[in-house]
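Visitor: Attaching a single structure in structure tokens format; questions to follow.
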Amino acid sequence: MSEQATKRPEFRNINVFNDLPSYRLPAAAKVSILHRISGVIMFVLLPFVFWMFDTSLSSELSFASFKAAFNEGLGFVPGWLIKLATLGLIWGYLHHLCAGIRHIVVDMNHDLISKEWGHSSAIAVLVVSLGLTVALGAKLFGLY
């Protein structure tokens with residue numbers, strides 16, 4: 001190592017308050033973390049999914065109450081909160097699907113994957129999943 005080269009800092013004892021705020025995660029790490037979070041969201045909201053599926057398919061009367069829950073609310077829960085939970089579920093499914101496809105491609109071609117491809121594919125996952133979520137959210141909230 002030459003005298004001119006600057007030595008990289010060594011972190012032996014990381015201070016959470018001083019060191020972590022200055023650390024920037026790469027896009028691929030953010031997508032991976034969001035993939036796990038979306039999986040947790042889908043798991044936690046699974047009873048809500050079962051309720052929506054059962055209520056929407058049982059009968060015409062139950063479907064009418066299903067639509068009313070989204071428009072007027074359900075008990076003490078306002079309709080916008082049900083729509084917001086549904087929007088979170090939509091994002092969770094879409095992000096989990098897009099990131100899962102990306103992970104499968106990486107696993108199948110790990111010898112051919114570069115750092116640049118990882119960054120650009122992570123950005124693509126974020127853009128596609130958020131774009132689809134906005135489009136479906138606009139439909140959910142009645143904008144078209």
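Visitor: Taking +1 at the Cβ of each Lys and Arg and -1 at the Cβ of each Asp and Glu, which of L61, L140, F50 sits farthest along the dipole of the chain towards its positive end, judged by Cα position relative to the Cα centre?
Guide: The Cα lying farthest towards the positive end belongs to L140.
Visitor: Give the distance, in whole Å, between the Cα centre of region 79-144 and the Cα centre of region 3-35.
Guide: 26
Visitor: Just round it to a whole percent: the fraction of Cα-Cα distances in region 26-140 exceeding 19 Å. If you can, show how the numbers build up before the last one.
Guide: Numbers: 3572 of 6555 pairs.
When every Cα pair of region 26-140 is considered, 54 percent fall beyond 19 Å.
Visitor: Considering just Cα atoms, how many Å³ per residue does the convex hull of region 51-113 enclose?
Guide: Working: hull volume 6.0 nm³, N = 63.
About 96 Å³ per residue, rounded to a whole number.
Visitor: Return the calculated 222 nm mean residue ellipticity for the chain, to the nearest 500 deg cm²/dmol, obtained by summing -39500 (n - 2.57) across DSSP H runs with n ≥ 4 and dividing by the residue count. Mind showing how you got there, number by number?
Guide: Numbers: 5 runs with 98 residues, N = 144.
For the chain, the value works out to -23500 deg cm²/dmol.
Visitor: Give, rounded to the nearest 20 debye, the magnitude of the charge dipole that the chain has about its Cα centre when Lys and Arg contribute +1 at Cβ and Asp and Glu contribute -1 at Cβ.
Guide: Working: 11 positive and 9 negative charges, 54 e Å.
Once rounded to the nearest 20, the dipole reads 260 debye.
Visitor: Taking a temperature of 10 °C and a viscosity of 1.306 mPa s, what whole-number D in µm²/s does Stokes-Einstein yield for region 1-46 with Rh from Kirkwood over alpha carbon pairs? Mind showing how you got there, number by number?
Guide: Details: Rh = 14.1 Å.
The calculation lands on 112 µm²/s.
Visitor: Could you point to the residue in H96, N13, L126 farthest towards the positive end of the chain's charge dipole, with +1 and -1 charges on the Cβ of Lys/Arg and Asp/Glu respectively?
Guide: The one lying farthest along the dipole's positive direction is N13.
Just so you know, all these numbers are worked out from the coordinates, no wet-lab data involved. Computed from a predicted structure; not experimentally measured. In this analysis, Cβ positions are derived from the backbone assuming ideal geometry, glycine residues included, and neighbour counts consider all displayed protein chains.
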